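Data first, discussion second: the structure below is written as structure tokens.
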Amino acid sequence: MGLFSNKEGEEAPKTELPKDISEAKKVIEKKIINVLKTIQDPEIPVDIFELGLIYEIKIDDEFNVNIEMTLTSPNCPVAESMPNEVKEKTEFVYGVESVDVNIVFDPAWNHDFMSEEAKLELGFL
């Protein structure tokens, strides 16, 4: 099982997962979202989760994770490195067994996918 380290390199505490699989999956998903919020888009000063680049996070009963995400454009300069960063950081979340990251371009990303927080930060509101 993975263990997430924060920016200072300190290991996050291993919190016991609930015995109920459904509840454990919710805990893991929240931790994954927190990790994804540490990954910034290099061209837009907002994290990839608030930017709306993460379309779906699926966790099966064995805690294998599948993340469906997109990029701001097919020609994005981090098209290779960003999915790897998502995978590597998600693998460190306590409880995660394996991670698959799939890049999709349908639907194409646009500003409507951004959270209210991201829109406010970028001056769209």
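Give the calculated FRET efficiency between T38 and V78 to the nearest 0.05, with a Förster radius of 22 Å applied to their Cβ-Cβ distance.
It comes out at approximately 0.90.
Residue-wise, which Karplus ³J(HN,Hα) couplings in Hz belong to the range 77-93, taking 6.51 cos²θ - 1.76 cosθ + 1.60, θ = phi - 60°, and x for glycine or proline?
Values, residue by residue: x, 10, 4, 8, 7, 5, x, 5, 5, 4, 4, 4, 5, 5, 4, 7, 6 Hz.
Per residue of the chain, what 222 nm ellipticity follows from adding -39500 (n - 2.57) for every DSSP H run with n ≥ 4, rounded to the nearest 500?
Result for the chain: -8000 deg cm²/dmol, rounded to the nearest 500.
So what are the ³J(HN,Hα) numbers for the range 98-106, from phi and the Karplus equation (6.51, -1.76, 1.60; θ = phi - 60°), rounded to whole Hz, Gly and Pro as x?
Rounded to whole hertz, the list is 8, 9, 10, 10, 10, 8, 10, 10, 10.
Label point 7 Å out from N110 along Cα-to-Cβ: which residues of the range 55-80 have amide N under 18 Å?
55, 70-75
Taking the Cα centre of the chain as the origin, how large is its charge dipole in debye, to the nearest 20, when only Lys and Arg (+1) and Asp and Glu (-1) carry charge on their Cβ atoms?
The calculation lands at about 180 debye.
Quick one: go through the range 23-50 and flag any residue whose amide nitrogen is under 18 Å from the point 7 Å out along the Cα-to-Cβ line of N64.
In the range 23-50, the label zone of N64 (backbone N under 18 Å from the point 7 Å along Cα→Cβ) covers 25, 29.
Read the figures in this text as sums done on the coordinates, not as results from a lab. The model shown is predicted, which means the values in this text are computed figures rather than measured ones. Counting neighbours? That spans all protein chains shown, and the Cβs are built from the backbone with ideal geometry, glycine included.
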